Amino acid sequence: MGKTGITLLLAAAILAGCGSSTKSSTSGLSTATIPTSGSVATVSAGGSATSTAPALGSTGSVGAPTTSATTTTTARPVLVPRTGALTLIQFKAAANQICERVDVEARSLGAAGETADASAAHKLTELERYSEQAVAQLGALESRGPAAAQRQDREFLAFVKGSDAIGSRAASDAERGNQTDYTSQLAKLSALAGDETAAGNALAAACAQG
C-alpha cells in the first residue's frame, strides 16, 4: 500500500485478519514461504488461517522467487503445524501469512483518501474489519509461540489496536462530513505509522507493510 495519509491506517490492516480459518483434509501442516531478503513473503493457498483472498502474484506454487532491485532469491519453505508449540521461525512464518493476506485485502479496497465523505467512511470501516479479524488470529497464534515471539506479537497488536481506535473515529467523522476532525485523525494515524511499522518488522516482514 502507498503511504498516503489513510492507507497508513491499517498497516494494521496489516495485521488482521483475514477471514475464518480452514483446515486441509490431507495435511496437518501449512506451508509458508518467508523472505530471505527484504521482500514480502509469498504464502501457499493451503496455509493455516487461510481465506479465499489470493496472495499477490500467487501461482499456487510454494517457494516462488522474490525479487529486489539487484538480486533474485528463492524463499525457503517453512512448515507450520496447525496445533502445538511453534519455533520462532515457524511463528514468524505464520504471522507473515496473516499479515500478507490482510495487505492483499487492503490493497483491493484502496485508500480511503483525505476527503471526509461516505466513500472514506466505508473504506475505513472495511479496513477496521480486516484488522479486527487479523488481531483475533494473531492473538490466537500468540500462545503457541516462544516468549520472544509472544512479546513481539503483543507489542505489534498494541499499535494495531491503537490505529483501529483512531480509524474508527475517522470513519465516524467521514460519515458526518466533519473534515476538520477527519484530517486530525489522519494526522494521528500518520504519527503512529513509524512505530507500528517497526513493531511489525520485528514480528514478520509482511507485518511491516504499510
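Laboratory data are not the source of any read-out in this text; all were calculated from the coordinates shown. Model, not experiment: these values are computed from the prediction. Here Cβ is always computed from backbone atoms with ideal geometry, including for glycine, and neighbour counts include all displayed protein chains.
For R154 and S108, a Förster radius of 30 Å and the Cβ-Cβ distance give a FRET efficiency of 0.55, rounded to the nearest 0.05.
In the stretch 94-147, Cα pairs under 8 Å separated by at least six residues give a relative contact order of 42 percent.
Each label point was placed 7 Å from the Cα along the Cα-to-Cβ direction; for A147 and R176 their separation is 4.7 nm.
Label sites at A136 and N201, each approximated as a point 7 angstrom past Cα along Cα to Cβ, lie 3.1 nm apart.
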